[in-house]
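Reviewing the structure listed below.
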Amino acid sequence: MKKKIIFLILLILLSLQVYNALSGPRFPKPEFESGHSQPTTQSPSPRGIIFEYIDVLLLIISLSIASWLALKKRSRKGIFWLSIFSIIYFGFIREGCVCSVGSVQNIALALFNPNYKIPLTAIAFFIIPLIYTMFFGRTFCAGVCPLGALQDLFVLKPYNLKSWVQTLLGIIPFLYLGLAILYAATATDFIICRYDPFIGFFRFNASFMMFAIGGIFLLTSVFIARPYCRFFCPYGVLLNLVSRVSKRHMTITPSKCIQCKLCENSCPFGAINKPTQIKELDNQKTATKRLIKLSLIIPLLAFVGGWTGSQFHENMAKVNNKVRLASQLYFQNDTTLNINKNSIDSVEITTFETSGKPKEQLYAEAASIIDDFYYGGWIYGTFIGLVFGLSLAGLSVLKYRNDYTPNKATCFSCARCMDYCPVEPDE
Amino acid sequence: MNKSEKRKINRRDFVNSTLRLSFGIAIGSIGGILLSNTIKSKTVWQLDPAKCVQCGRCATSCVLSPSAVKCIHVYDMCGYCDLCGGYFKPETKDLTTAAENQLCPTNAISRTFIEDPFFEYHIIEELCIGCGKCVEGCGAFGNGSLQLQVSHNICVDCNQCSIARDCPADAFSRMAIEEPYTFKGFSSDDDEV
């Protein structure tokens, strides 16, 4: 019986082969006698390109409004309503992609891979907020970025963090940015998008894990205001650096500070610089010594960081699909390694084997990616070392200040502090 | 106020403007370099059915659930078979619409009698999860008229498609918005006639 079936199947297969050789489908489309009309294949069209330009236009408009509200109108209420708009449009309607935070990766990928054609909107979303920040400070964070705006709604009972905690946690975004650029530049993955904690809420759709992470961020935001913006956001790093030298910036007082201290604890983000007392200033001798020490420590930290980064390049490269497949293929027949066969994802291997691509080619490609990661590891590590060194230096640099001023690097221009200032504007 | 005095007063401002200028130049040059390598048109994610191996990850890897990848029926390629490899499980004896005969785990294919001996198969998009079981069956036995495609009314067009990342066959890529669907052995232009 079995033999018969096999014979029959073989016969069918053989006949199909013959049929195939004659070209055309195996079973030709019938000519219907009953006059049945065939339905059309459904192919719903994507969102039109015009909407992309509308997005960019709305970005420019809302950035202009945010800057105007923070610098000229000095209206917290206005910024609040703008952030509601951003949550609704850039968040729920637009459903997230592409946002300025994620566009960093598109830029990195495009800079290192000439084959990648970057969409104009991604460039626009990357550059426009930076330009605005260059002139007006981080008004993008105030009420345009939907991720920040969403967290801002949850700032209910903020506690001030100790400044050293804030500085230490403030290093995380640099680590994150560096890693994101490394993975984007090697065309491995877009980790910022992958681990975007809020996009699940905007889409009402995500894995349980991402909902949980997003929920934790929002709950934390009640007590530690805007945790993602301050301690994770990689785009915030760029805005932070550019904002330090912004041409204009939001001020706490409309005219002259009277040092009433009313605004002192008004900032939920710990972004208000207090006036420094004269006696806190160091004498020249210790300052010189410290400068010499720092100038030795910073290059050392950079080198140590670079070396450490390069040592981990293989581990970092394992995230890359090609590298992973190559190592799976390479080690699959190595019995000495005692790998559990089931743990290897066999779909990749079988797919690769049926694709007919030579193994050697894959190995060569993987080797070149690992090479990229070696240099990337050096650069990444050096960058991290520098960030640590410069943060250290920043702690010991004392800037002389008379008045209460917003810290231009970390201030989100949310305008909360303005309501605490009793000074009337000059007429 | 003479010139040197002015500069002395605004030392910090001078440093700031220099840095600002350099940031400006940096941002501008990044933009300039990239502008030469852009696409004016928009691109959307799509998968190439010729590369697809029906591993089933389209159903599980998408950020949306159910997935934005759906089975799309290219009617022009269909043989309207009674014994449909995409509809029935391989060992099915009675060709009825009974649940135990169906390959589709979500009952997303409807089978309607047209005329002897032809049956028409229709994918119910709301039920389809994009697992590709029917695609595999139709491709193995029939014409391959059932094909997995990213349905653009559902796809949210992520910056990085999470299915593309997990696809073992590297079948996903960004396509120009003018040609958002790729059907194997059939071009969508003919479809519009």
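The values are calculated or read from the model by the stated rules, or taken from the named source; none is laboratory data. Keep in mind the model is a prediction, meaning the values are calculated, not measured. Reconstructed Cβ throughout: ideal geometry from the backbone, glycine too, with neighbour counts over all protein chains shown.
Structural remarks
- In segment A:366-378, the residues that are of a type in the set (D, E, K, R) and crowded, with 16+ Cβ neighbours inside 10 Å: A:D372
- Residue in segment A:52-62 that is at pLDDT 95 or above and surrounded by 18 or more Cβ atoms within 10 Å (Cβ to Cβ) present: yes
- Which listed residue, of A:A124, A:A108, is farther than 29 Å from A:G381 by Cα, assigned by TED's automatic domain parsing to the domain that holds A:N240 and assigned to a helix (DSSP H, G or I): A:A124
- Qualifying residue in segment A:364-372 (condition: outside the structural domain of A:L241 (by TED's automatic domain parsing) and in contact (Cβ under 8 Å) with a residue 60 or more places away in the chain): yes
- Counting only helices (runs of 4 or more DSSP H) that sit wholly inside segment A:207-281, those with at least 2 residues that are within 27 Å of B:I27 (Cα to Cα) are A:227-231, A:234-244.
- Flag for A:Y53 being over 17 Å from A:C233 (Cβ atoms) and either within 12 Å of chain B (Cβ to nearest Cβ) or charged (D, E, K, R) (or both): yes
- Qualifying residue in segment A:388-401 (condition: in contact with a Gly (Cβ under 7 Å, 6 or more places away or on another chain) and among the basic types (K, R)): no
- Qualifying residue in segment A:345-360 (condition: under 25 Å from the mean Cα position of the chain (by Cα), exposed (fewer than 14 other Cβ atoms within 10 Å of the Cβ), modelled with pLDDT of 85 or more and acidic (D, E)): no
- When A:I79, A:I87 are screened for being surrounded by 20 or more Cβ atoms within 10 Å (Cβ to Cβ), assigned to a helix (DSSP H, G or I), more than 14 Å from every other protein chain (Cβ to nearest Cβ) and in contact with a Ser or Thr (Cβ under 9 Å, 6 or more places away or on another chain), only A:I79 passes.
A quick yes/no check of all residues on (1) on the phi > 0 side of the Ramachandran plot; (2) surrounded by fewer than 20 Cβ atoms within 10 Å (Cβ to Cβ); (3) more than 10 Å from the chain's Cα centre (by Cα); (4) at the interface with chain A (Cβ under 10 Å from one of its Cβ atoms):
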position: B:G139; (1), (2), (3), (4): no, no, yes, no
position: B:G142; (1), (2), (3), (4): no, no, yes, yes
position: B:N153; (1), (2), (3), (4): no, yes, yes, yes
position: B:A169; (1), (2), (3), (4): no, no, yes, yes
position: B:R174; (1), (2), (3), (4): no, yes, no, yes
position: B:E178; (1), (2), (3), (4): no, yes, yes, yes
position: B:F183; (1), (2), (3), (4): no, no, yes, yes
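- Taken over segment B:41-65, the residue count meeting the criterion of being part of a loop (DSSP other than H, G, I, E, B), at the interface with another protein chain (Cβ under 7 Å from one of its Cβ atoms) and not aliphatic (A, V, I, L, M) is 4.
- Residue in segment B:97-105 that is surrounded by fewer than 21 Cβ atoms within 10 Å (Cβ to Cβ) and closer than 15 Å to B:C58 by Cα present: yes
- Condition check for A:G102: closer than 25 Å to A:M316 by Cβ and more than 10 Å from chain B (Cβ to nearest Cβ): no
- Those residues of segment A:148-194 which are among the β-branched types (V, I, T), within 13 Å of chain B (Cβ to nearest Cβ) and either part of a loop (DSSP other than H, G, I, E, B) or in contact with a Lys or Arg (Cβ under 7 Å, 6 or more places away or on another chain) (or both), in sequence order: A:T188
- The one condition in (1) modelled with pLDDT of 95 or more; (2) surrounded by 19 or more Cβ atoms within 10 Å (Cβ to Cβ) that A:V222 fails to fulfil: (2)
- Top-ranked residue of segment A:110-147 - restricted to ones that are in contact with an Asp or Glu (Cβ under 9 Å, 6 or more places away or on another chain) and farther than 30 Å from B:W45 by Cβ, ranked as farthest from the other protein chains (Cβ to nearest Cβ): A:G143
- Failed item, numbered, when B:I72 is tested on (1) of a type in the set (A, V, I, L, M, F, W, C); (2) more than 9 Å from chain A (Cβ to nearest Cβ); (3) buried (at least 18 other Cβ atoms within 10 Å of the Cβ): (2)
- Residue count for segment A:283-316, restricted to those that are within 20 Å of A:Y375 (Cβ to Cβ), assigned to a helix (DSSP H, G or I) and out of contact with any Ser or Thr (no Cβ under 8 Å at 6 or more places or on another chain): 11
- In the set A:F388, A:F373, only one residue is out of contact with any strand residue (DSSP E or B) (no Cβ under 9 Å at 6 or more places or on another chain), at pLDDT below 95 and among the aromatic types (F, W, Y); that residue is A:F388.
- Output for segment A:195-206, where each listed residue is crowded, with 20+ Cβ neighbours inside 10 Å and in a helix (DSSP H, G or I): A:I199, A:G200, A:F201, A:F202
- Test: B:S17 is in a helix (DSSP H, G or I), within 10 Å of chain A (Cβ to nearest Cβ), among the polar types (S, T, N, Q) and farther than 30 Å from B:C104 by Cα: yes
- Within segment A:377-421, if we keep just the residues that are small (G, A, S) and part of a helix (DSSP H, G or I), the residue that is farthest from A:A225 (Cα to Cα) turns out to be A:G377.
- Among (1) modelled with pLDDT under 95; (2) away from chain B (no Cβ under 14 Å) - the single one A:A66 does not satisfy: (1)
- Residues of segment A:90-106 classified as surrounded by fewer than 24 Cβ atoms within 10 Å (Cβ to Cβ) and either over 22 Å from A:A206 (Cβ atoms) or in contact with a strand residue (DSSP E or B) (Cβ under 7 Å, 6 or more places away or on another chain) (or both), total: 0
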